[in-house]
Amino acid sequence: MAALLLGLLLLATHSPGVPSSGSPSTPAAIAAAAAAGTAQRLPRVIIIGVRKGGTRALIEMLSLHGSVAAAQNEVHFFDWESHFQKGLAWYLGQMPFASPEQLTVEKTPAYFTSPKVPGRIRRMNPDAKLLLILRDPTERVLSDYTQVLHNRLRKHKRYRPVESVLVKDGRINLGYKALNRSLYYVHMQNWLRHFPLESIHVVDGDRLIRDPLPEMRRVERFLRLEPQIHASNFYFNQTKGFYCLRQHGRERCLHDSKGRAHPRVAPAILQKLYRFFRAPNRKFFQLVGRTFDWK
Ligand code: A3P
């Protein structure tokens with residue numbers, strides 16, 4: 001709480017020179033924000049991951065709610081030493097301007113798998129509410145691979161075929177980092193050393209893809225927000241193959257980098273992966289007292 005108060009006090013010290021995520025950056029814009037009664041606040045809600053779980057969809061959908069002010073960019077404050085060393089004043093400067101009744105939210109998917117992050121967030125605010133969006137661990141690995149593949153192709157770099165990354169000497173390649181990110185129980189154990197389970201809401205990322213409204217209703221309840229997100233905020237876009245958003249008559253889909261086709265993997269290797277994740281998944285279900293329909 002002390003840290004939260006510190007953050008509020010720091011509002012007055014916002015430097016126009018510090019780039020902000022989704023916040024006014026020119027002196028005139030800052031003056032207008034102040035006149036409108038808005039200010040930057042430390043987040044009370046953080047989307048902690050997981051990478052490729054659907055974090056962008058979640059924050060965009062949450063932003064449909066009038067009581068939510070979301071940072072547009074991934075801030076990487078608690079996981080990047082170069083950012084963390086700049087201190088809370090810098091972090092605050094990355095937050096959007098919000099009215100007093102709005103909840104400030106930021107998302108940085110790498111937080112979930114970064115060992116130092118839970119303790120650092122707790123020291124800022126032990127009452128922080130955490131949102132964690134997960135999907136089938138095998139799907140998440142393939143999505144992770146696809147993202148790296150596209151980045152490498154864009155930079156004209158070489159890449160390894162998916163099967164040679166997933167399997168080594170006939171066995172699942174435990175050295176592949178993306179695999180570790182899908183061992184959800186390992187990372188969850190670390191978070192539960194710092195936060196009670198009630199402070200962490202797990203969003204079912206597979207269901208959010210198929211039918212976003214019920215998942216968003218659960219998020220509203222967890223955050224104690226009045227239900228404001230409605231079915232009319234979503235429409236299915238056949239071309240994209242995903243739900244897109246509608247607000248104030250404007251329609252928009254997520255960026256092309258969200259919802260990419262994954263590479264085809266030989267069924268035998270896919271089965272190996274599903275089998276590999278079965279025991280870790282059970283451990284995760286025990287930790288959170290809930291099951292998910294992962295294969
Ligand atoms: P794929 O691109 O592998 O399909 P993140 O934002 O955390 O990087 O997650 C990206 C994933 O969000 C996408 O992975 C996609 O499956 C999922 N997603 C969930 N809802 C979506 C939506 N409405 N539009 C596009 N992608 C969505």
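Which sequence of Thr26, Thr104 reflects their accessible areas, 1.4 Å probe, from the largest down? The partial results should precede the final answer.
Numbers: Thr26 70, Thr104 5 Å².
From most accessible down to least: Thr26, Thr104.
What is the antiparallel percent of DSSP beta bridges lying wholly in the chain, to the nearest 5?
The antiparallel fraction comes to roughly 40 percent.
Can you tell me the FRET efficiency between Glu81 and Arg158 if r is taken as the Cβ-Cβ distance and R0 is 30 Å, rounded to the nearest 0.05?
Efficiency, rounded to the nearest 0.05: 0.50.
Just subtract the alpha-carbon distance of Leu270 and Gln189 from 0.36 nm times their residue separation and send over the number in nm, one decimal. Don't skip to the end; give the middle numbers.
Working: separation 81, 0.36 × 81 = 29.16 nm, distance 2.67 nm.
Result for the pair: 26.5 nm of gain on full extension.
Taking the dipole about the Cα centre of the chain, with the C-beta of Lys and Arg at +1 and of Asp and Glu at -1, give me whichever of Tyr176, Thr104, His230 is farthest to the positive side.
Result: Tyr176, furthest along the dipole toward the positive end.
Quick one: pull the percent of accessible area on segment 185-259 belonging to carbon and sulfur, 1.4 Å probe, ligands and nucleic acids left out.
Working: 2090 of 4380 Å².
Answer for segment 185-259 is 48 percent, counting heavy atoms of protein chains only.
So if we plug the beta-carbon distance of Arg260 and Ala31 into 1/(1 + (r/R0)^6) with R0 = 45 Å, what FRET efficiency do we get, rounded to 0.05?
On the way: r = 42 Å, r/R0 = 0.93.
With R0 = 45 Å, the Cβ-Cβ based efficiency is 0.60.
Between Gly66, Gly175, Gly49, find the one with the highest GNM mean-square fluctuation for the chain; connect C-alpha pairs within less than 10 Å.
Gly175
Under 10 Å, Cα contacts only: if you run a Gaussian network model on the chain, which one of Val148, Val165, Val117 comes out with the highest mean-square fluctuation?
Evaluated over the chain, the most mobile residue of the options is Val148.
Given an 8 Å cut-off on Cα distances and at least 6 residues of separation, report the relative contact order of segment 187-295 as a percent.
The normalised contact order for segment 187-295 reaches 18 percent.
Please report, in debye to the nearest 20, how large the charge dipole of the chain is about its Cα centre when each Lys and Arg carries +1 at its beta carbon and each Asp and Glu carries -1 there. Could the numbers behind the result be given before it?
Numbers: 45 positive and 22 negative charges, 245 e Å.
Computed charge dipole of the chain: roughly 1180 debye.
Give the accessible surface of segment 63-181 per residue, rounded to a whole number of Å², with probe radius 1.4 Å and ligands, DNA and RNA excluded.
46
Let me cross-check Tyr185: its accessible surface, 1.4 Å probe, with only protein heavy atoms counted, in Å² to the nearest 10?
Its accessible surface works out to 40 Å², give or take rounding.
From the phi of every residue in segment 208-217, what ³J(HN,Hα) in whole Hz does the Karplus formula 6.51 cos²θ - 1.76 cosθ + 1.60 yield, where θ is phi - 60° and glycine or proline is x?
My calculation for segment 208-217 gives 4, 5, 6, 7, x, 4, x, 5, 5, 4 Hz in order.
For segment 40-86, give the percent of accessible area contributed by carbon and sulfur heavy atoms, probe 1.4 Å, rounded to a whole number.
Carbon and sulfur: 44 percent of the exposed surface of segment 40-86.
The values are calculated or read from the model by the stated rules, or taken from the named source; none is laboratory data. Predicted model only: the values in this text are computed from it and were never measured. Neighbour counts are summed over all protein chains in view; Cβ atoms, including those assigned to glycine, are modelled from backbone coordinates with ideal geometry. Heads up: the accessible areas ignore ligands, DNA and RNA and are worked out on the full protein's heavy atoms, side chains in. Shrake-Rupley method; radii C 1.70, N 1.55, O 1.52, S 1.80 Å.
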